[in-house]
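To keep things clear, I will list the structure first and then write my remarks on it.
Bear in mind these aren't lab numbers, they're just calculated from the coordinates by the rules spelled out. None of the values given here were measured: they were computed from a predicted structure. Reconstructed Cβ throughout: ideal geometry from the backbone, glycine too, with neighbour counts over all protein chains shown.
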Amino acid sequence: MALKGNLRDFTITQLLNLINLARKTGTLVIEGPGDTSRLMFREGKLSFAQFGQEDCSLAAILLRASKITQNQYRILRERTAQMSDKELGLLLINAGYLTQEDIISSLQQYFIDVVRRLFTWVEGFFRFDQDVFTLDGKITVKIDLENLIIEGSRQLREWEQLQEEIPSLDMALKFTDRPGTNLKNINLSIEEWRVVSYVSPKNTIAQIAKTVKMNDLEIRRVVYSLLQAGLVELVRPGGMPVATPARAFPTQNKDEQKSLVNRLISRIRSI
Amino acid sequence: MQTVKMVVTGPFNAGKTAFIQSISEINVVSTERKISSEAERVKNTTTVAMDFGRITVDEDLVLYLFGTPGQKRFDFMWEILSEGMLGFIVMVDSTRPETFREARSILETFRAYAPTPYVVAANKQDLPDAWELEDIRLALRLSEKTKLLPCVANKKDTVKAVLLELLYSILAEMEAGGK
């Protein structure tokens, strides 16, 4: 079953979040206003990106990163037209023009830039083709998505949307148990760090906001970024364990309450 | 006669009315009206106050199922309906990712109202465009502990399975609380 939908209702940031958390491999095709872009992922990391019909050859990316001049770009296009990006990369490294680091960092910067531009797309359709991954001769990289997700989440500014995402400030936050996430590698803002330092199931979001002197909008923005990056999850405050309130039962006797639930179970099974 | 209640909530057109209809022994008392908003015109009518279904357990006990209205402008009903519930079911339409944000919001709102057990039912799992359960789990930001169950609201067996899982959760919480 393909993952597909509309960007109006499911943003690029939310898609990146899903791909990151599920460690998906495949191609995200985004049909925006007049252009179709492709992002390719391997095990939840960005490996390649193509923005519309933009030239995403290695030579063009190196030119954009100012690693080669316009003249060098023209020569490369003429003389290496039949070469794949991998072959061209090797040629440039072996000839001593560029280092492997130059090439990888240029590609990473370009792919991140493509994602940043996609953050501005609010209309269009997307689909995720699982395990479809054909990149003949292209150089792929591995870019962690957390920082991009945080960056994209910061762009959500609308009060109504934030209120919908985090309807109650009476909930608490806890760090997720997801392996592989290292807070130190994530570029948090000062405001985000201040909130992170108070993350605990004991503290409600409202209490954190009061402590760090943030208003409802500011705290929702920060919490939304942290949620989107999969760093924290919403939990009921520590002092409020999950339990059916006594008034939900017609009897206050615990054994009778259990018996009542067991009778419900038997009845539903028998339907 | 003793009565207990459960609440079935979720976004507009998630399948709440169909869910209750599948299992209720009475014709669901449904307060439906023609839809006035063009944006929400994916079906002709919607619940504006509540759906109401009943399952008689035995001569002393009745379970009532309340379905909340799906449209946001009726959200003032949610808190009233959630009062004194045993637990709740959040229904989500697996084929409409555009409703996932609202489903998250409803879930968090209900969690904040009452610390009662709940399960999430991914409805319309029989349709080709349905998102996979694990993708829905991530999109709704559900923890691994939260029960996310496949469901087809007009098939009694899957509805039964969802209700049973909620009851098992209620029982487990009671036993954990009693220790």
Q. Against the longest principal axis of chain A, how steep is helix A:216-228, in degrees 0 to 90 to the nearest 10, with axes from Cα atoms?
A. 70 degrees
Q) What angle do you read, to the nearest 10 degrees and between 0 and 90, between the alpha-carbon axis of helix A:85-94 and the longest principal axis of chain A? A) 60 degrees
Q. Based on DSSP, what percent of beta bridges with both residues in the protein assembly as shown are antiparallel, to the nearest 5?
A. 65 percent
**Q.** Proximal aspartates and glutamates to B:LYS160, defined as alpha-carbon separation beneath 19 angstrom and excluding residues fewer than eight positions away on the same chain
**A.** B:GLU25, B:ASP51, B:ASP58, B:ASP93, B:ASP126
**Q.** Mean separation of Cα contacts under 8 Å, 6 or more apart, over the residue count of segment A:19-160: relative contact order %
**A.** 34 percent
(Q) In segment A:89-236, if the dipole is taken from +1 on Lys/Arg beta carbons and -1 on Asp/Glu beta carbons about the Cα centre, which of A:VAL235, A:GLY96, A:SER197 is farthest to the positive end? (A) A:SER197
**Q.** Long pairs among A:LYS254/B:LYS147; A:LYS45/B:LYS145; A:LYS45/B:LYS155; B:LYS5/B:LYS147, criterion Cα-Cα beyond 29 Å
**A.** A:LYS45/B:LYS155
Q.
Using only alpha-carbon positions, what ratio does the radius of gyration of the protein assembly as shown give when scaled by 2.2 N^0.38 Å?
A. 1.14
Q | Net length gained if the chain between A:GLN155 and A:ARG8 were fully extended (0.36 nm per residue, minus Cα distance) | A | 51.5 nm
Q.
I need the calculated FRET efficiency for the pair A:ARG269 and B:ILE26, taking r as the beta carbon distance and R₀ as 25 Å, to the nearest 0.05.
A. 0.80
(Q) Would segment A:48-106 count as rounded, prolate or oblate if I go by the C-alpha gyration tensor, calling it rounded below 1.5 in a/c and otherwise prolate when a/b exceeds b/c, oblate otherwise? (A) rounded
**Q.** Modelled FRET efficiency - R0 35 Å, A:ARG116 with A:LYS174, Cβ distances, 0.05 increments
**A.** 0.70
Q.
Averaged over its residues, how many other protein chain Cβ atoms are within 10 Å of peptide A:259-270's Cβ atoms?
A. 6
Q) Can you give the extra length, in nm with one decimal, that the chain gains between A:ARG79 and A:TYR97 once fully stretched, where that is 0.36 nm per residue apart less the Cα-Cα distance? A) 4.9 nm
Q. Roughly how crowded by other chains is peptide B:116-124, in terms of the mean Cβ count from those chains within 10 Å of each of its Cβ atoms?
A. 1
Q) Tilt of helix A:70-79 relative to the longest C-alpha principal axis of chain A, in degrees (0 to 90, nearest 10)? A) 80 degrees
